[in-house]
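Chemist: Got a structure for you, questions after.
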Amino acid sequence: MSAISLPISIPSGKNHKLYVVPIVAGLVAALAMFGFYILLLTVFQDFSHAMQQAGQDWLWVGLVALGFGAQIGLYAYLRMIIHAAQAAGVTAMTGAGTGTSTLGMIACCAHHLSDIAPLVALTGASGLSGVIGFFNEWKYAFIALGLVMNAIGIVVTVRTIRKHKAHLLAMASEPETAPACH
């Protein structure tokens, strides 16, 4: 009996699209995250403040952007593997890590509430100034929490990718059975 002929190629060095698309998606996501950071600071302060803040917190901002980009790249790769598994007749499993990534980004960016403090004061919601001060004071703790949550999301996504790849390889090595005739 012959092995199952899959309409896809198992991720390997032969199929560069399985690697190029996720890498590009991850790089674009990391740059978009950094761009959003600069835009947010520019809108609520000015461009020179945004550049000064980025220079001051370059390591933290870079790590968050790289972590986010890594998760997006891995997620794109996972989606390609799931698509390949569906084409081969495998039931798709749900992607992992997206909720973790979202929570990490929210926790990481929460300290930027201090950038809108002047607008909050104009609206008369001065009771929020304590909350804004809290987020500003604990800025690096929130960034660290975001990085930890990003790392967790990356680990979960890598485990899911390995599970899908192992399942596809197992299917490819199983012999094809002939359909039963009546």
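Chemist: Kindly establish whether Gly55 is in contact with a Gly (Cβ under 7 Å, 6 or more places away or on another chain) and at negative phi. Steps first, please.
Modeler: Details: in contact with a Gly (Cβ under 7 Å, 6 or more places away or on another chain): no; at negative phi: yes.
Judged against the criteria, Gly55 is not a match.
Chemist: Then there's this: Looking only at region 17-41, filter to residues that are among the β-branched types (Val, Ile, Thr) and more than 18 Å from Lys139 (Cβ to Cβ); which one of those is surrounded by the fewest Cβ atoms within 10 Å (Cβ to Cβ)?
Modeler: Restricting to residues being among the β-branched types (Val, Ile, Thr) and more than 18 Å from Lys139 (Cβ to Cβ), the top hit is Val20.
Chemist: Taking Gln52 and the conditions (1) at pLDDT 60 or above; (2) buried (at least 17 other Cβ atoms within 10 Å of the Cβ), which numbered condition does it fall short on, given that it satisfies the others?
Modeler: (2)
Chemist: Can you name the residue in region 166-182 that is surrounded by fewer than 16 Cβ atoms within 10 Å (Cβ to Cβ) and assigned to a helix (DSSP H, G or I) and is also modelled with the lowest pLDDT among such residues?
Modeler: Ala172
Chemist: Right, next: Among the listed residues Leu27, Leu31, Leu39, identify the single one that is in a helix (DSSP H, G or I) and either at pLDDT below 90 or on the phi > 0 side of the Ramachandran plot (or both).
Modeler: Sole residue among the options that is in a helix (DSSP H, G or I) and either at pLDDT below 90 or on the phi > 0 side of the Ramachandran plot (or both): Leu39.
The values are calculated or read from the model by the stated rules, or taken from the named source; none is laboratory data. Quick caveat: nothing in here was measured; it's all calculated off a predicted structure. All Cβ positions, even for glycine, are placed from backbone atoms using ideal geometry, and neighbour counts span all protein chains on display.
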